[in-house]
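Each remark here refers to the structure printed beneath this line.
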Amino acid sequence: MQKILSGVQVKELDSQHLKLSGQSSHELMETASKAFVKWFLDQGFSSDLPIQIACGAGNNGGDGLAIGRLLSALSYEVIIFKCFDSKDSLSEDALLNFNKLPESIQIVDFENLRFVEKGILIDAFLGVGLKGELRPDAIKIIQKLNDYQGTVISIDVPSGLPSDIVLKGEAVKADFTVSFAFPKLSLILPEHAEYVGELVVLKIGLVEEAFMDLDSTFYYLETLDVPPLHTVFNRFSYKGDMGKVLLVGGSPGKMGALILCAKSALRTGSGLVTCHMEDSERVIVQTAVPEAMASWGLIPNPEFYDAVGIGPGWGTENRARLFRQFLQDFKKPIVIDADGLNLLSRNPDLLPLVPKNSILTPHIGEFTRLVGSAENHLERLKMAKGFAVENELILVLKGANTVISLPDGRQVINSSGNKYMATGGSGDVLTGMLTSYLGMGYFPENAALCGVFHHGLAGEIASKSKRRSMIASDIIAAIPETYIQLNIS
Ligand SMILES: NC(=O)C1=CN([C@@H]2O[C@H](COP(=O)(O)OP(=O)(O)OC[C@H]3O[C@@H](n4cnc5c(N)ncnc54)[C@H](O)[C@@H]3O)[C@@H](O)[C@H]2O)[C@@H](O)CC1
Ligand SMILES: Nc1ncnc2c1ncn2[C@@H]1O[C@H](COP(=O)(O)OP(=O)(O)O)[C@@H](O)[C@H]1O
Ligand SMILES: [K+]
């Protein structure tokens, strides 16, 4: 998995990479700019209007200048807005690219800037080299850039946004942020949603060894990381190998949560799924999911099951005793969601009974009840890490860019998923997937990573044709396609 480094570490990373690869810094800038242009062309933006590029004096501006030259060579009309005083203030590579600009590109001093409205503005003013608070002249530039009415694309980070802390002042509000190598930590904080817009991360061929000596506990989970985490089943596998899972949840009026969870576990690959609920509700489950079995009353013989998921739609009234009894009987890692988490919040004495390496899946509200309230998401991530380490549990903090905190202190940020997944029941689908992987014998860490990634990918696939019409059942229907796309048998 790709380490996520701080803005300060990026300089060190660059020099390590240049040393190990033999590439020059100018070539690296060219690679990054070409990666951007390739992405840009794939988006199919209209080529009728000029591309306006606001360039600063550092290497972020250098990227902007190189991109301008590359787009101009593809017959785009390009206008460069100079957000720096003179050529003397340019970084070495920015100057090199400034001197390579063809005559056909218009260069306009920032004071004389007049936007061509409704087109595209590329923000290459400030990147990870931003230090301290913005200088007054930079604030003015950012305010002016934010007056633009068309599409804004920020390079690496929206200008003004610090790369790894929460923003205090002004920053560019982008529609897209195209970051290089890994997402800078601040790009995944919900506080910055209106600045970052859609997040895109492009590979620029940095050699892996360059990351080795740079410390970070944050990692980025991407498509290529996932196939090796999966268990391969052989042709003699039988349904017992695929896991016998028990899902405990549902209550009158909330049976849908358990049904979604059961369908999701089956689609993920579980061999046998049993739903445990109140006697009065079992007909609903048996009708809705004929592939699942039903159980009610006390949980008979918990040891029979390979994995258990507990909580979706369960309610909290009169559940604590059953939960305690179950935790005393069942010693393998489990998945706890929704009301299972609420029960833990209300009965903290249950927490030490939760088997080590169990997976807890709170959204921010459940997290606040369970772990405490945080001033901002960065502080929340710190608390999540502390909770996972202290209790030897895996904490999946759900949201855009779900963060998986592992008992050894690593925190893995998921790259898959999108806003269309913000729909009732999508968390229940995740619980079914996670429990299914545990049931198939996956190490809990791999179950968490695979479950979260495939869930997000299924959301992406389903939303292609559904957009805001997507419902949780659509995510379940897209699970098979995730295996096809990742070539998992
Ligand atoms: N490995 C990577 O990630 C690569 C990074 N590249 C680019 O290089 C950028 C980093 O370049 P640099 O290190 O030159 O830094 P930047 O270009 O991000 O920032 C430096 C500029 O910001 C100004 N500045 C700093 N603090 C300020 C403040 N408080 N108020 C106003 N202005 C301020 C400086 O005067 C300087 O002009 C990245 O963001 C990325 O765009 C690419 O060129 C290639 C590879
Ligand atoms: N904006 C978003 N971008 C990506 N994923 C999202 C977004 N909003 C929600 N999700 C995902 O959808 C799921 C919602 O779960 P949850 O909040 O428990 O919903 P519910 O209780 O309705 O099932 C989580 O896995 C979360 O990561
Ligand atoms: K920028």
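Beta-bridge orientation, region 227-485: approximately 25 percent antiparallel, per DSSP, counting only bridges with both partners inside. Out of all DSSP beta bridges with both ends in the chain, state the antiparallel percent to the nearest 5. Roughly 15 percent of the DSSP beta bridges within the chain come out antiparallel. Counting trypsin sites (Lys or Arg not before Pro) as exposed when in a DSSP loop with at most 16 other beta carbons within 10 Å, what is the longest stretch of the chain free of them? It works out to 357-489. Region 420-467 and region 336-369 have Cα centres lying 19 Å from one another. Label-to-label distance, L351 versus E278, with points set 7 angstrom from Cα along the beta-carbon direction: 2.9 nm. Overall, region 1-99 carries a charge dipole of about 180 debye about its Cα centre when +1 sits on the Cβ of Lys and Arg and -1 on the Cβ of Asp and Glu, all other atoms neutral. The alpha carbon centroids of region 198-263 and region 298-317 are separated by 22 Å. G441 sits among other residues whose Cβ lies under 12 Å from its own Cβ, and their net charge, with Lys and Arg +1 and Asp and Glu -1, is 0.
Among the GluC sites (Glu not before Pro) in region 226-311, those placed in a DSSP loop whose Cβ has at most 12 other Cβ atoms within 10 Å are E291.
Using alpha carbons only, the radius of gyration of region 9-216 set against its Kirkwood radius gives Rg/Rh = 0.94. As an equivalent ellipsoid, region 415-489 spans semi-axes of 21, 13, 10 angstrom, where each value is the square root of five times an eigenvalue of the C-alpha gyration tensor, largest first. Axis angle, to the nearest 10 degrees, between helix 320-329 and the longest C-alpha principal axis of the chain: 90 degrees. Per residue, the average separation of C-alpha pairs within less than 8 Å and at least 6 apart gives region 242-316 a relative contact order of 45 percent.
Antiparallel as a % of all DSSP beta bridges within region 9-216, to the nearest 5? Taking every DSSP beta bridge with both residues in region 9-216, the antiparallel ones total about 0 percent.
Toward the positive end of the charge dipole of the chain, with +1 on the Cβ of Lys and Arg and -1 on the Cβ of Asp and Glu, the farthest Cα among Q2, G269, Y219 is that of G269.
Its relative contact order, with pairs defined as Cα atoms under 8 Å and 6+ residues apart, puts region 9-216 at 20 percent.
Stokes-Einstein, applied to the Kirkwood radius of region 337-489 over Cα pairs at a viscosity of 1.306 mPa s and 10 °C, places its translational diffusion at 101 µm² s⁻¹.
Sites listed here are chymotrypsin sites (Phe, Trp or Tyr not before Pro) in region 210-307 whose DSSP assignment is loop and whose Cβ has at most 16 other Cβ atoms within 10 Å: F233, F236, Y238. Rounded to the nearest 20 debye, the dipole size of the chain about its Cα centre is 1060 debye, using +1 on the Cβ of Lys and Arg and -1 on the Cβ of Asp and Glu. With the charge dipole of region 9-216 set up from +1 on Lys and Arg Cβ and -1 on Asp and Glu Cβ about the Cα centre, the Cα lying farthest toward the positive end among the listed residues V128, H192, S86 is that of S86.
Exposure proxy for I310, I259: other Cβ atoms within 10 Å of each Cβ, ordered fewest to most, give I259, I310.
Pairs of Cα atoms nearer than 8 Å and 6+ residues apart set the relative contact order; for the chain it is 12 percent. Only DSSP H runs of four or more residues enter the estimate; each adds -39500 (n - 2.57), and after division by the residues of the chain the mean residue ellipticity at 222 nm equals -11500 deg cm²/dmol.
As a rough footprinting exposure proxy, the listed residues H276, H192, H26 were ranked by other beta carbons within 10 Å of their own, and the order from fewest upward is H26, H192, H276. Under the convention that each Lys and Arg Cβ holds +1 and each Asp and Glu Cβ holds -1, the size of the dipole of region 227-485 around its Cα centre is about 420 debye. Mean 1/r over all different Cα pairs, inverted: what Kirkwood radius does region 167-280 give, in Å? One decimal place: 19.0 Å for the Kirkwood radius.
In plain terms, the residue of S465, S163, S345 with the fewest other Cβ atoms within 10 Å comes first and the most crowded comes last, giving S465, S345, S163. The alpha carbon convex hull volume per residue for region 227-485 rounds to 122 Å³.
With unit charges on the beta carbons (Lys and Arg positive, Asp and Glu negative) and the dipole taken about the Cα centre of region 227-485, which residue among V429, L350, I299 sits farthest to the positive side? My answer, from the dipole projection, is V429.
Here, each number is a calculation from the coordinates, and none is a lab measurement. A quick note: this is a predicted structure, and the numbers were derived from the prediction, not measured. Backbone-built Cβ (ideal geometry, glycine too); neighbour counts: all protein chains shown.
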